[in-house]
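What follows is a set of notes on a single structure, which appears directly below.
The values are calculated or read from the model by the stated rules, or taken from the named source; none is laboratory data. None of the values given here were measured: they were computed from a predicted structure. So basically every Cβ, Gly included, is an ideal-geometry build from the backbone, and we count neighbours across all protein chains shown.
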Amino acid sequence: MEITTRPPGSQVRPAERPVGSGRSRNAFARYFHSHWTEARRSWRLHWQLYLLVIVPVAYFVIFKYIPISNAVIAFKDYNVIKGVWGSDWVGFKNFELFFSNPVFGTLLKNTFILAFYLVLASFPIPIILAIALNEIRNGLFKRTVQLLTYAPYFISTVVAVSMTILILSPRLGIVNDAIGLFGIPAIDFLGDPDYFRHIYVWSDVWQTTGYSAVIYMAALAGIDPALHEAAKIDGASRWQRIRNVDLPGIMPTAVIILVLGVGNMMAIGFEKAFLLQNDLNLAQSEIIATYVYKTGLVNADFSMATAVGLFNSVVNLCLLLFVNFAAKRITGKGLWG
Amino acid sequence: MSALTTSPLSRLRRKPAAKERIREPFRDRVFLVVVTIMLVVILGLVLLPLIYIVANSFSSASAVSAGRVTFWPIDFSLRAYEVALSNPQILRGYYNSLIYAVCGTLISVTLTVAIAYPLSRKRFFGRNVLMTALIFTMLFSGGLIPTYMVVQDLGMLNTRWALLIPNAVGVWQVIIARTFFANIPEDLHEAAMLDGASELRYLRSVVLPLSKPLLAVLALMYVIFQWNTYFDALVYLKDQDLFPLQIVLRNVLILNQRNVGVADVAQQLQQQQLANVLKYALIVVSSLPVLIIYPFVARHFTKGVMVGAVKG
């Protein structure tokens, strides 16, 4: 092993260090020098590791960073022949066009309301499920419920949407059969824009509740049993223990989940909205992601679609940073420690 | 290591010793009954749609088209399955999806390990910069069209590569793998180095054999992603022969595409009826592979989610 190697920066003994004006330059030099030594040493020891990361790093550069640089076409009039860098600059023209397009207000509203509704609806239910499961002592029942509520998570979006369509079908679907028993005429749920958001959100809750509950189950298991014992001795009922021990115990997890949820609001799934969409419910089902797809790949307006996508990414990033900041201020804990 | 093998979940299953069990007060027992009823209701809400689909898929075409099926098959019939499993389009989709799932997972797991292992070495110069660069791609992306342009420039459009490469590595999966590797005791590394092993040799002979649970989790995540996704295929593929199952399903189930070329009205009606029940059978057939393996792997999956959640 490298017994002879001195710790980085130890070449300069404290006594030799000049005092006064030269100090800051010297500090920089030492900083640079130590990093340089460290890098060289790391290379000598780990060149095989650097070999290993070449391919994955190339992947990230090609499929994640080049697209980011390609996004400059949002500020250009993209022309296939001239290429990304040869096309003419148009400044913010694409953005201005988008913002003044009457569809802009609708898109923003649809995306925001859908995303917000989704975050709000899918936040409390997994917590309720996890706490309820945590109260159950019967292992078999508990495991069965956990496993079965988890199942819909593994169903693909295409299948989940098809199921939704079949179940809500006006003529054959079981939901309309059920409300028919009460004498209510059949409703064409997917043909009415007003139902779109409810369908989207509640089918999502159906798919993800069991999965999300797992995280809370782990958080609940991490609560110090001594707290529960102490509460029991003080005569707290189960309900009181849930309110005063369990809920505060999972609060940090809940905050992180909520922050992530709100932070990813604008990245709301294209897959599902696109599948649930039809000409009749377009008034509420057209969101930014589906609009980008149609503008870019169906109408082949690359610059405009990129501009809209970029707008979405920037709004999403700002939202995430803001929510993270807020969470840090309120609870002292954000996403990054 | 320990992060995966002794997850907090294992503590969930611990039963209290017999002497701890004291008869609970009346209000708590009532509360427990309420909780149990609530869980049964939730379970019902989750399962009823699934049961409804399965019941329909095993019913006769006429019963389904009349809307008579609820939660139990009527006029039990396997006709829909016969039709579904003999349709060349669907079989082709199945075959393609298998290819994408197997090859995609191999590529993805290899690349994920290749970047996660160096990132887990503390003396690996540049790991913080690299990690930050990876996490940044989670927060901000170029978007659909700029990525499409890259795939186009690489000549991957309308080839199988378009589904295997552009989404090969998930940052989340890298974080999970890195956390796992970082928990392998450092002593092993020192011992291997003293024995003259190189970094690659150490990875191959010590780390990977110890990482089977991790590899299982990663493979599972990627397999399910490849099996269930349709977006990349929708965007990058035009050739019907390359379509994965999910795109075929979308065409049949949601866009209602059928090969109608039948003149006879009675035959057409029959085909219409068959098309209805066929949808239910297709849903079952396509979801079955994943739903069969998931109970066995759910626990691993859960652990993977936990590791990510702890570090996330």
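Below, the figures for the structure above:
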read-out	value
In segment B:61-101, the residues that are outside any helix (DSSP H, G or I) and either basic (Lys, Arg) or under 19 Å from residue A:177 (Cα atoms) (or both)	B:66, B:67, B:68, B:69, B:70, B:71, B:72, B:73, B:74
Residues (touching a residue at least 40 places away in the same chain (Cβ under 8 Å) and either more than 26 Å from residue B:43 (Cα to Cα) or more than 13 Å from chain B (Cβ to nearest Cβ) (or both)) located in segment A:189-198	A:191, A:192, A:193, A:194, A:195, A:196, A:197
Qualifying positions in segment B:119-135 - at pLDDT 90 or above and closer than 21 Å to residue A:265 by Cα	B:134
Tally, over segment B:162-177, of residues that are within 12 Å of chain A (Cβ to nearest Cβ) and over 25 Å from residue B:130 (Cβ atoms)	1
Condition check for residue B:116: surrounded by 22 or more Cβ atoms within 10 Å (Cβ to Cβ), over 29 Å from residue B:185 (Cβ atoms) and not charged (D, E, K, R)	no
Residue ranges of helices (runs of 4 or more DSSP H) in segment A:258-334 with at least 1 members free of Cβ contacts under 8 Å to residues at least 24 places away in the same chain and closer than 24 Å to residue B:233 by Cβ	A:270-276, A:288-293, A:302-331
Selection status of residue A:212, touching a residue at least 12 places away in the same chain (Cβ under 8 Å) and at the interface with chain B (Cβ under 10 Å from one of its Cβ atoms)	yes
Qualifying residue in segment A:22-32 (condition: surrounded by 15 or more Cβ atoms within 10 Å (Cβ to Cβ) and not assigned by TED's automatic domain parsing to the domain that holds residue A:312)	yes
The listed residue being within 14 Å of chain B (Cβ to nearest Cβ) and surrounded by fewer than 15 Cβ atoms within 10 Å (Cβ to Cβ), out of A:138, A:134, A:94	A:138
Per-region count, segment A:246-279, residues surrounded by fewer than 18 Cβ atoms within 10 Å (Cβ to Cβ) and more than 13 Å from every other protein chain (Cβ to nearest Cβ)	4
Any chance residue A:237 is closer than 30 Å to residue B:251 by Cβ, assigned by TED's automatic domain parsing to the domain that holds residue A:306 and of a type in the set (Gly, Ala, Ser)	no
Residue in segment B:77-98 that is touching a residue at least 60 places away in the same chain (Cβ under 8 Å), β-branched (Val, Ile, Thr), surrounded by fewer than 22 Cβ atoms within 10 Å (Cβ to Cβ) and more than 7 Å from every other protein chain (Cβ to nearest Cβ) present	yes
Residue check for residue A:45: among the hydrophobic types (A, V, I, L, M, F, W, C), away from chain B (no Cβ under 13 Å) and either touching a Phe, Trp or Tyr at 6+ places or on another chain (Cβ under 9 Å) or over 30 Å from residue A:242 (Cα atoms) (or both)	no
Complete set of residues in segment B:178-203 that are more than 11 Å from every other protein chain (Cβ to nearest Cβ) and in a helix (DSSP H, G or I)	B:178, B:179, B:180, B:181, B:182, B:186, B:187, B:188, B:189, B:191, B:192
Residue within segment B:77-85 that is more than 17 Å from residue B:274 (Cα to Cα) and among the small types (Gly, Ala, Ser) present	no
Candidates A:109, A:142, filtered to the one that is more than 27 Å from the chain's Cα centre (by Cα) and not β-branched (Val, Ile, Thr)	A:142
Breaking point among (1) surrounded by fewer than 19 Cβ atoms within 10 Å (Cβ to Cβ); (2) closer than 28 Å to residue B:45 by Cβ; (3) in contact (Cβ under 8 Å) with a residue 24 or more places away in the chain; (4) not charged (D, E, K, R), for residue A:106	(2)
Residue match in segment A:121-133 (condition: of a type in the set (Ser, Thr, Tyr) and touching an Asp or Glu at 6+ places or on another chain (Cβ under 9 Å))	yes
Qualifying residues in segment B:121-161 (those that are more than 10 Å from every other protein chain (Cβ to nearest Cβ) and not hydrophobic (A, V, I, L, M, F, W, C)) - the one surrounded by the most Cβ atoms within 10 Å (Cβ to Cβ)	B:160
Those helices (runs of 4 or more DSSP H) lying entirely in segment A:44-102 with at least 2 residues modelled with pLDDT of 85 or more and closer than 30 Å to residue B:128 by Cβ	A:66-70
Options B:142, B:155: the member that is more than 20 Å from the chain's Cα centre (by Cα), outside any helix (DSSP H, G or I) and either modelled with pLDDT of 90 or more or closer than 21 Å to residue B:225 by Cα (or both)	B:155
